Amino acid sequence: MVFPLKVLYEDETLAAIFKPAGIAVSGNSFKTIANALVQNLNPSKNSDAVIPKPVHRLDYATTGVLLIGKTQSSITALNNLFKNREIQKTYLAVCIGDMPKLDLIDTPINGKQACSKIQLIDRIESEKYGYLNLLKLFPETGRKHQLRKHLSEIGHPILGDQVYGKEGLILKGKGLYLHAMSLAFTHPNSNQLIKIKAEPPNRFKKLFPSY
């Protein structure tokens, strides 16, 4: 049975797909992104071709751009780009509450440096939450659940966050409003600047139709 994925970019060495919500990137389950890649991508003709492999993770409930290596050399190079913070990541999120003007959160996570830049795009009043805020987020480090933890710590968790949300204010059944919108990096083979973008799910546009 083929599990179709939307391919956003592909060449001989790497690819990017749209990760849907509710699917694990990898793990013990049969239905994972990692297991579906062979069915959705063209095999590389390069001499160091390998089974396509995700080079980073997105949470189970998060949607958006997921980067894939198709050769051993590209997997190594992409891992190094992430390690050296040479891949610019942009996320879109909706968080709750009357959020103050804030450009940066740099609270450590598990004792390690963690830095997230924030840009407020729009906000609407909400009877239940006071306000809903549309944010662009730029994580400069890659700690587990970094954006979710950072926004929760300042009292403005992401809408739909079942783990880090405020008790009594957790939206259920409509998913997590966190979307990996784009990745920008220098291609390890061609040295060209690559920017890969994925449009957010419709649930974002229902709240903020003008965006």
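Annotation: of all residues in region 186-208 being part of a helix (DSSP H, G or I) and among the charged types (D, E, K, R), the one that is most open to solvent (accessible area, probe 1.4 Å) is Lys206. The sole residue among Ser29, Ser44 that is more than 17 Å from Gly142 (Cβ to Cβ), in contact with a strand residue (DSSP E or B) (Cβ under 8 Å, 6 or more places away or on another chain) and small (Gly, Ala, Ser) is Ser44. For region 194-211, a residue qualifies if it is touching a strand residue (DSSP E or B) at 6+ places or on another chain (Cβ under 6 Å) and either of a type in the set (D, E, K, R) or free of Cβ contacts under 8 Å to residues at least 40 places away in the same chain (or both), and the qualifying residues are Lys195, Lys197.
Evaluate the following for Tyr60: is it part of a loop (DSSP other than H, G, I, E, B) and either farther than 15 Å from Leu137 by Cβ or modelled with pLDDT of 95 or more (or both)? The answer is yes for Tyr60. Checking Lys45, Lys19 one by one, the residue that is of a type in the set (D, E, K, R) and within 19 Å of the chain's Cα centre (by Cα) is Lys19 and no other. Scanning region 44-102 for residues that are touching a helix residue (DSSP H, G or I) at 6+ places or on another chain (Cβ under 7 Å), within 25 Å of Leu207 (Cβ to Cβ) and of a type in the set (Gly, Ala, Ser) yields one hit, Ala93. Return the residues of region 126-168 that are touching a strand residue (DSSP E or B) at 6+ places or on another chain (Cβ under 9 Å), within 22 Å of Leu207 (Cα to Cα) and of a type in the set (S, T, N, Q); say none if nothing qualifies. Answer for region 126-168, where residues must be touching a strand residue (DSSP E or B) at 6+ places or on another chain (Cβ under 9 Å), within 22 Å of Leu207 (Cα to Cα) and of a type in the set (S, T, N, Q): Ser126, Asn133, Ser152.
This table checks each residue for (1) in contact with a Pro (Cβ under 7 Å, 6 or more places away or on another chain); (2) not aliphatic (A, V, I, L, M).
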{"site": "Ala114", "(1), (2)": "yes, no"}
{"site": "Gly130", "(1), (2)": "no, yes"}
{"site": "Ile154", "(1), (2)": "no, no"}
{"site": "Phe185", "(1), (2)": "no, yes"}
{"site": "Pro188", "(1), (2)": "no, yes"}
{"site": "Ile194", "(1), (2)": "no, no"}
{"site": "Pro200", "(1), (2)": "no, yes"}
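Note on region 145-163: residues that are at negative phi and buried (at least 17 other Cβ atoms within 10 Å of the Cβ) amount to 12.
When you look at Thr13, is it closer than 27 Å to Asn202 by Cβ, open to solvent by less than 70 Å² (accessible area, probe 1.4 Å) and not hydrophobic (A, V, I, L, M, F, W, C), yes or no?
Criteria not met by Thr13.
The values are calculated or read from the model by the stated rules, or taken from the named source; none is laboratory data. Just so it is clear, the model here is predicted, and its values are computed rather than measured. Virtual Cβ from ideal backbone geometry, glycine too; neighbours counted across all protein chains shown. Side chains are part of the model used for accessible areas, which takes the heavy atoms of the whole protein and leaves out ligands, DNA and RNA. Shrake-Rupley method; radii C 1.70, N 1.55, O 1.52, S 1.80 Å.
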